[in-house]
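Asks: My structure is below; once you've seen it, I'll send some questions.
Since every read-out is calculated from the coordinates, none of them should be taken as a lab result. Since this is a predicted model, take the numbers as computed values, not measurements. We place every Cβ from the backbone using ideal geometry, glycine too, and count neighbours over all the protein chains shown.
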Amino acid sequence: MVVAYPLATALTIASSDSSGGAGIQADLKTFASLGVFGLTVVCAVTAQNTQAVTAMESLSPSLLTAQLEALWADLPVGAIKIGLIGPAAGARAVADFLRAQAQGIAVVLDPVMVSASGHVFLSPEDQEGLKSLFPLATLLTPNLPEAEALTGQAIDSPQRAVAAGEKILKMGPRNVLIKGGHGRGPSCDDYLISPQGVEILAGARIETTNTHGTGCSLSSAIAAWLARGQTLGEAVRAAKAYVAQAFLSAPRLGRGPGPLNHFHQFYGWREPTDDRSNQS
């Protein structure tokens, strides 16, 4: 049976991942999986696989603005997810456009700084450019290393995670989600921090090597649920559950941190007969 409802749209402003597990590719898969029509602004093209990022070329700020102008001239935007933009000039161009044109649209900002394979995407100058987007963010979603980079403080306890989130909140975003995936121990708790207080989102740690694109997928899932009319708390909880299932049914692809199964609601994977049997 086909279930019909008003078509929601969401825009991803991010970079391409040639391996398909992260970036715009992961965002579009997540949007489609959750019944949302995806729009894109491509900020950079990367050459990467699960093991490494070998090259990256950023598009000009004027081309980023041109993509945004084309979308706004014709299509509705229900929510926005922002991932890796790249150089500071590009981030500021996006910030300038959204400040003028995207009032009232929910923005989920994933402050991507380092890839799962360890590639550093942003220089200190580019990190400062990224911060120009913080005041536009309905939700900022740093993982623990990103939160440490933003605050200059080590995070080794729930109390310090909350303190870091409260410090980041003062940088401009309306809400902050400190993600616990890089922590240790059996629990994987996230902390949703707002001016009204702190909500602990409890979760069990899933032992897996399939972590490529986790942050991209979570933030785009939150944006998708916001586009479909969920509250922020509802969207975060639904996105967390979605990513957990994507972990549990992830395919065994690549020799590095593998991708998630974004379409776990529709199909699973058969275990290969031997390790990495799909690799030549």
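Asks: Can you flag which of 81/131; 170/240; 81/167; 167/240; 81/170 are past 18 Å Cα-Cα?
Replies: Correct reply: 170/240; 81/167; 167/240; 81/170.
Asks: Where the centroid of each part is defined by its Cα atoms, how far is segment 199-233 from segment 102-160 in Å?
Replies: Comparing the Cα centres of segment 199-233 and segment 102-160, I get a distance of 15 Å.
Asks: Same structure, new question: What are the GluC sites (Glu not before Pro) within segment 121-197 that DSSP puts in a loop, where the Cβ has at most 12 other Cβ atoms within 10 Å?
Replies: Hits after loop and neighbour filter: nothing returned.
Asks: Output the relative contact order of segment 1-148, whole-number percent, from Cα pairs under 8 angstrom with separation of 6+ residues.
Replies: Reported as a whole number, the value is 22 percent.
Asks: If you don't mind, there's one more thing I want to ask. With +1 assigned to the C-beta of every Lys and Arg and -1 to the C-beta of every Asp and Glu, and no other charges, what is the dipole magnitude of the chain about the Cα centre in debye, to the nearest 20?
Replies: For this selection, approximately 380 debye.
Asks: I've got another one for you. So, R0 is 30 Å and r is the distance between the beta-carbons of residue 125 and residue 234; what FRET efficiency does that work out to, to 0.05?
Replies: The pair residue 125/residue 234 has a calculated efficiency of 0.20.
Asks: Shifting gears a bit: Please give the direction-averaged projected area of the C-alpha convex hull for segment 88-167, in square nanometres with one decimal.
Replies: Mean projected area of the Cα convex hull: 5.8 nm².
Asks: Which value, in debye to the nearest 20, describes the size of the charge dipole of segment 1-111 about its Cα centre when Lys and Arg Cβ atoms bear +1, Asp and Glu Cβ atoms bear -1, and nothing else is charged?
Replies: That gives segment 1-111 a dipole magnitude of about 140 debye.
Asks: Arranged by the count of other C-beta atoms within 10 angstrom, fewest first, what order do 80, 222, 105 take?
Replies: Least crowded to most crowded, the residues run 105, 80, 222.
Asks: Could you line up 240, 167 from fewest to most neighbouring Cβ atoms inside 10 Å?
Replies: Lowest to highest Cβ neighbour count: 167, 240.
Asks: Just want the ordering: 171, 56, from fewest to most Cβ atoms lying within 10 Å of their own Cβ.
Replies: 171, 56
Asks: How big, in percent, is the set of alpha carbon pairs in the chain lying more than 32 Å apart?
Replies: 19 percent
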